[in-house]
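The values are calculated or read from the model by the stated rules, or taken from the named source; none is laboratory data. For clarity, every value in this text was computed on a predicted model and none was experimentally measured. Note that each Cβ is placed from the backbone with ideal geometry, even for glycine, and that neighbours are counted across all protein chains shown.
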Amino acid sequence: MTLTSLNQYGHDFQIKVISSLLTHKGFLTNIHDIISEEYFENQAHRWTIKEILSYYDKYHSTPSLEVLKVELQKVENEVLQIAIKEQLKDAYVASDDDLKYIQEEFTGFCKNQQLKKALMTSVDLLKGGDFDGIRFIIDNAIKAGNDKNVGHEYSKDIEERYKPNNRATVPTPWDEFNKMLQGGLGNGDFGLIFGNPGGGKSWSLVALGGHAIKLGYNVLHYTLELGEDYVARRYDAFFTNIDVSQIYKHKDAVQKVVPQLEGRLIVKEFPTGKATISTIESHIAKCTDLGTKPDLIIIDYVDLLSSKRKNRERKDEIDDIYQSTKGLARELDIPIWSVSQVNRAGAKDDIIEGDKAAGSYDKMMIADFAASLSRKKEDKVKNTGRFHIMKNRYGQDGHTYSVLADTSTGHFTVQKYQFENDEEEQTMTTSHRSNSYDVDVDKFDKAKILERFQKHEKSI
């Protein structure tokens, strides 16, 4: 891009844009979501754009010249008043001959102005060596004005929403989960697994990633606690079924298995509290450019990311991080899995419910799917545990499953718990489903459930 190309949408073009906005409501409606007063370099132009947008937001129409004259009287700067009057005169006498051209070129104008702004911002980022930040703002500038999709037209798009495989998913290793998720975690979805420290949460992420790779999907695994090499060795253990503590003795087995995998894996470490969602987005773009477009993203774990908005309560920062993570999944149309801790009370429970997950309510309100993995001290000895479905946007929740958890290789066997009679199962399912992640979920007989689990686990 040359300096000449950056200056191709100068004063005359911007006057034409203002003229089109003031005289053609349809044009304003079409570009309302992408236009910004910041795109206009002249202070008088910015004032007019601001007034047009403000009036449209309130009255869903374009302001008349009389309305603008009234608002103009509120401008205290006399020099600015004169400049606004002159540019309004130019705008209202401008010909409609170029209207179609202006409308067609408007997206290019938005991108152009965003790029100019990005290049100016990049100077400060360059001084600090923040190359990922530079890439991020320039990529966003290039995307400016691209969203022309009105949305799903309910009465017209019936065939579209019932097309086979209309919802793309990445399957989990567990059939029961896939049934509930209608195939797996969908593109644009955010999935969470809650658990107590050392309970196997990170291993469950390896299982999710490893299974996807076996099926031919590309996986980006972000680690904020463990080193890249160590996480990679966990994947070695998963693919070879060799204990991770012994995997260093079996390099030959790893070299034999890994080249046969259908999908690709990239493990990237970011120090705790140093990376933001923007950092991850920049890295995803880099991987895509280099030939590894991800089908699944894993973040271990989201709570350890840093918020772009500092100097707030940590809870507010966490909410912002989770919202940004969900937004990233939606924007990239890629499923994201992560994990989170439970509180101290939850760590003691055989079945971790929604009220026991740290910051659970806000996190689960954001997530599309949330499950808890409960593994107490005795479970770790017996390699057992329980998955409990806290939230499922695509089907039922409230179900609990017995788990055989091999945390030396990352292999989890998930089995639906078998109740002694259908009446008990119906009672538990209904109780959970009605309020699966509220603080008032404890409306069933836990003692009975735990008793059944204990009997079941002894028989395993």
message: With the structure loaded, tell me whether SER54 is outside any loop (DSSP other than H, G, I, E, B), closer than 21 Å to GLU71 by Cα and touching a residue at least 40 places away in the same chain (Cβ under 8 Å) or whether it fails that test.
response: no
query: in contact with a strand residue (DSSP E or B) (Cβ under 7 Å, 6 or more places away or on another chain) and within 18 Å of VAL339 (Cα to Cα) - does that describe any residue in region 233-256?
result: yes
query: Which condition breaks for THR292 when tested against (1) outside any helix (DSSP H, G or I); (2) over 23 Å from VAL342 (Cα atoms); (3) free of Cβ contacts under 8 Å to residues at least 60 places away in the same chain?
result: (3)
task: Scan region 167-209 residue by residue and report those that are of a type outside the set (A, V, I, L, M, F, W, C), outside any loop (DSSP other than H, G, I, E, B) and more than 18 Å from the chain's Cα centre (by Cα).
output: ASP175, GLU176, ASN178, LYS179, GLY195, LYS201, SER202, SER204
Residue list for region 376-403, restricted to those being within 27 Å of the chain's Cα centre (by Cα) and not in a strand (DSSP E or B): ARG393, TYR394, GLY395, GLN396, ASP397, GLY398, HIS399
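With respect to LYS293, determine if the residue is modelled with pLDDT of 90 or more, over 12 Å from the mean Cα position of the chain (by Cα) and on the phi < 0 side of the Ramachandran plot.
Answer is yes for this residue.
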- line: Considering region 27-59, residues that are small (Gly, Ala, Ser) and surrounded by 15 or more Cβ atoms within 10 Å (Cβ to Cβ), and then whichever is nearest to ASP90 (Cα to Cα), we arrive at ALA44
